[in-house]
Amino acid sequence: GQQVMQIPQYQHVQEGEDFTTYCNSSTTLSNIQWYKQRPGGHPVFLIQLVKSGEVKKQKRLTFQFGEAKKNSSLHITATQTTDVGTYFCYNQGGKLIFGQGTELSVKP
Amino acid sequence: EPEVTQTPSHQVTQMGQEVILRCVPISNHLYFYWYRQILGQKVEFLVSFYNNEISEKSEIFDDQFSVERPDGSNFTLKIRSTKLEDSAMYFCASSGRTDYNEQFFGPGTRLTVL
């Protein structure tokens, strides 16, 4: 069946360093959504990508959707302690599947 | 800003008991979802609901689970006979006019089965 794999599972960075998480699917995705979950909190929507090769930016966050629509990435430039949390990719086409998430910790 | 609300925030129950988790989605939303998150694990899809019927469900959502929208505002998840492994955080979410739309999550109900 369709699988969405997310790497890395954990990432520890020093404040100010960059961070990237990758989401890879075994099949073509109709769209990809990214969510952030703070420790003890609930998922909060960040962005949705639909088009092949799409790139969207939100301040220090850059989201990309691969040309083949099988992978996506989230890149954070110059991390801050407020970026701490788990970032999930999510596919809403067909079966609704969350990636297992990348837990980001930021050391001040 | 409109938000999804869930009650109770924490539910403790004995194994074998029935529980009902309640959610009030955002008022003009049409798609409703339940997810669960076992402590330390990823968020897992349970069920989606649209037009008063289940539109999609996962393997987790077996005969012990049911959902209902009894009165046009509440959206409930019932677990008929709880098991220890049902202990988890249960999130309700809703989205707007189309299924391919951002989902707004509630704060969750932590279910503890003893």
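The values are calculated or read from the model by the stated rules, or taken from the named source; none is laboratory data. Since this is a predicted model, take the numbers as computed values, not measurements. No Cβ is skipped: glycine too gets one built from the backbone with ideal geometry, and neighbour counts run over all protein chains shown. All accessible areas refer to the heavy atoms of the entire protein, side chains included, with ligands and DNA or RNA removed. Shrake-Rupley method; radii C 1.70, N 1.55, O 1.52, S 1.80 Å.
Quick notes on this one:
- Just checking the listed ones, A:Thr28, A:Thr82, A:Thr20: in the Gaussian network model of chain A with Cα springs under 10 Å, the one fluctuating most is A:Thr82.
- Heavy-atom SASA rank of B:Met89, A:Met5, B:Met15 (probe 1.4 Å, accessible area, largest first): B:Met15, A:Met5, B:Met89
- Each Lys or Arg adds one and each Asp or Glu takes one away; over the other residues whose Cβ falls under 13 Å from the Cβ of A:Leu46, this sums to +4.
- B:Arg22, B:Arg36, reordered so the largest accessible area comes first (probe 1.4 Å): B:Arg22, B:Arg36
- The value for the protein assembly as shown of Rg(Cα) / (2.2 N^0.38 Å) is 1.03.
- Charge sum, other residues only, whose C-beta stays under 14 Å from B:Val4's C-beta, Lys/Arg counted +1 and Asp/Glu -1: -1
- Under Karplus coefficients 6.51, -1.76 and 1.60, residue-wise ³J(HN,Hα) of segment B:59-71 in Hz, glycine/proline x: 5, 5, 7, 9, 5, 6, 9, 8, 10, 8, 10, x, 9
- Dipole magnitude of segment B:5-113, debye to nearest 20 (Cβ charges: Lys/Arg +1, Asp/Glu -1, about Cα centre): 300 debye
- 3J(HN,Hα) from dihedral phi, segment A:62-78, Karplus parametrisation 6.51/-1.76/1.60, rounded to Hz, x for glycine, proline: 10, 10, 10, 10, x, 4, 8, 6, 10, 8, 8, 9, 10, 10, 10, 8, 6
- 5 angstrom amide H check on B:Ser55, placed H, neighbours 5+ away: B:Ser48, B:Phe49, B:Tyr50
- At a threshold of 50 Å², the residues of segment A:19-48 that become less accessible to a 1.4 Å probe in the full protein assembly than in their chain on its own are A:His42, A:Pro43, A:Phe45.
- Computed from protein heavy atoms with a 1.4 Å probe, the total accessible area buried between B and A is close to 1600 Å².
- Residues with amide H under 5 Å from that of B:Gln11, placed H, sequence gap 5 or more: B:Arg110, B:Leu111, B:Thr112
- The orientation-averaged projection of the convex hull spanning the C-alpha atoms of segment A:28-80 amounts to 4.0 square nanometres.
- For A:Leu61, the shell of other residues with beta-carbons less than 10 Å away shows a net charge of +4, using +1 for Lys and Arg and -1 for Asp and Glu.
- Low-density loop positions, trypsin sites (Lys or Arg not before Pro), segment A:1-93 - DSSP coil, at most 11 other Cβ in 10 Å: A:Lys51, A:Lys59
- The GluC sites (Glu not before Pro) of segment B:56-114 that meet both conditions, a loop assignment by DSSP and at most 13 other Cβ atoms within 10 Å of the site Cβ, are B:Glu59.
- Kirkwood-type hydrodynamic radius, chain B: 14.0 Å, calculated from all non-identical alpha-carbon pairs.
- When a 1.4 Å probe is rolled over the protein heavy atoms, the share of accessible surface on segment B:1-70 that falls to carbon and sulfur comes to 43 percent.
- When the Gaussian network model of chain B links Cα atoms closer than 10 Å, the mean-square fluctuations of B:Tyr33, B:Tyr50, B:Tyr90 top out at B:Tyr50.
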